[in-house]
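Novice: I have a structure here, written as structure tokens, and I will follow up with some questions on it.
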Amino acid sequence: MLNDLISDSLTRIRNAAERRVEHTQLLFSKSVEAIVKIFQAKGYIESYNVVADGNKKFIKVILKYNDKGYTVINEIERISKPGRRVYRKSADIKRFKNGYGTIVLSTSKGVIDNDQAHSLGVGGEVLCTIW
């Protein structure tokens, strides 16, 4: 059994993007779905949908590539891990990679990106970064 579904999901997305696969399948959890929703809103993936297979649910993610066939995801990294949690205050959350990257946070307002966290003035656990 997996202990960290977020790390597993990010690794599956990273590996599929490096192999230039059209889509990948992630194990379902509400936090993973919220992260994938942010990735779609920011333009890192094409789309996603939740698929029910019997009594299990999966998230089918369709990856996004540019005109030359390269992935739009340069780097995707898990920051806060089960063994070492990383938290940031609202003042420490501004821009990542000069605005080209996105920080995904788990806050009291839900799972949101760094732009929303800065505008709402909330901090929280840094789940992952992508650019």
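Novice: Can you pull out every residue in region 110-131 that is farther than 19 Å from residue 40 by Cα and assigned to a loop (DSSP other than H, G, I, E, B)?
Specialist: 121, 122, 123
Novice: Which one is least open to solvent (accessible area, probe 1.4 Å) among residues in region 88-109 that are free of Cβ contacts under 8 Å to residues at least 24 places away in the same chain and in a strand (DSSP E or B)?
Specialist: 105
Novice: Is there any pair linking a residue in region 66-87 that is farther than 12 Å from residue 125 by Cβ to one that is open to solvent by less than 100 Å² (accessible area, probe 1.4 Å) and not in a loop (DSSP other than H, G, I, E, B), with Cβ under 6 Å and at least six apart or on different chains, and which?
Specialist: Pairs found: 71/17; 71/65; 73/17; 76/10; 76/14; 76/130; 77/129.
Novice: Among 68, 64, which is the only one that is modelled with pLDDT of 95 or more and of a type in the set (Lys, Arg)?
Specialist: Going through 68, 64 in turn, just one is modelled with pLDDT of 95 or more and of a type in the set (Lys, Arg): 64.
Novice: What are the pairs, 6+ residues apart or on separate chains, where a residue within region 33-49 that is over 9 Å from residue 61 (Cβ atoms) has its Cβ under 8 Å from a residue that is assigned to a loop (DSSP other than H, G, I, E, B)?
Specialist: Qualifying pairs under 8 Å: 43/64; 43/72; 44/64; 44/72; 44/73.
The values are calculated or read from the model by the stated rules, or taken from the named source; none is laboratory data. Everything numeric here is computed off the predicted structure, so don't read it as measured data. Counting neighbours? That spans all protein chains shown, and the Cβs are built from the backbone with ideal geometry, glycine included. Calculation scope for accessible area: heavy atoms of the full protein, side chains included, ligands and nucleic acids excluded. Shrake-Rupley method; radii C 1.70, N 1.55, O 1.52, S 1.80 Å.
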